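Q: Handing you a structure now.
Any read-out appearing in this document is the output of simple, stated calculations on the displayed coordinates, not a laboratory observation. Quantities reported herein were computed from a predicted structural model and do not represent experimental measurements. All Cβ positions, glycine included, derive from the backbone under ideal geometry; neighbour counts span all protein chains shown.
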Amino acid sequence: MTSNLQISPNYSQLDENISENKTAKGQYIFFLILTLILSTETFITAFLLYDFSEDIHRTRETGKDGGYPIHCLSTDLTQPTNQAGIASCDLFNQELKQTAQQRLLMDIQNYVLETLGEHNVTEIFKPAVHVGAKQELKQYQRLQKNDGVPTLDRIQWDNMNGQFSQEGLMRLTPDGEIAVPHDGIYFVFSQVNFETQLGQIMHFTQYLYKTTASYPRPVMLAKSVVTPCVSVNSSVQLYSSHQGALFRLEKGDRLSLYVLNISAVRFPQEATYFGAFMIN
């Protein structure tokens, strides 16, 4: 009995030491895991910040190369050294604000039209739309440099002002495309006017493209070259290109108009326009 009573405390102390070692080992492993997680999060955060700063740098460089007045978004125009840029920056910021408002109104309008279409509210009206070109300042692709190489550019259309008219569910998407609401035969028309200096030789063509939900790559439906316009006692040469034809279109098709040498396009809405209406 005496021997047993002397040995028991030793076993109890050994168990306590083993338990303390396990606890310390568990805390050490937890600390290592926590350190690894924090290190990983720090690395990921640093990488994201670096990538974000690179995106900002690339955006600034792209803006500079494209001729966009991005300095208006970051320059303190209250400083005396920046007073010369106030007029141009005020105009740019005003156009930017107006464009954002028009985009918001367009999204609301398109949502309402889609909702009405789901309930067949506008079935009594045949789809039709007519839009004029946006002002020259809003044709931002004109500011991009192309090193003198002719490129195809999509004309931007104004569905808020001027000669805009719309019936049924025919609408203009935020990307500047005419959206087809129903299957059927449509008459699609367009006109683009160009202007050059006397003696300047350029090639002008307009292209009508269609994109579908099943085949998003644009498909050319038609194209038209220019017809010279007589301009007496003028220092410029005027050209007019127009086209119109019937096409069988399906719901969800989108129509867009591209031109070659957009820098020569005249943007008054009575000179450059785009539209379509359903025949049956």
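Q: How charged is the neighbourhood of residue 237? Take every other residue with its Cβ under 15 Å from the Cβ of residue 237, and add Lys/Arg as +1 and Asp/Glu as -1. Working shown, then result.
A: Numbers: positive: 266; negative: 195.
Surrounding charge for residue 237 is 0.
Q: Take the alpha carbon gyration tensor of the range 126-278, find the square roots of its eigenvalues, order them as a ≥ b ≥ c, and report rounded if a/c is under 1.5; if not, report prolate when a/b exceeds b/c, else oblate. Display every interim value, and only then the final one.
A: Numbers: a/c = 1.89, a/b = 1.70, b/c = 1.11.
Prolate, since a/c reaches 1.5 and a/b exceeds b/c.
Q: Could you work out the local net charge near residue 165, counting Lys and Arg as +1, Asp and Glu as -1, over the other residues with Cβ closer than 15 Å to its Cβ? Write out the running numbers ahead of the final one.
A: On the way: positive: 126, 171; negative: 158, 167, 270.
Result for the neighbourhood of residue 165: -1.
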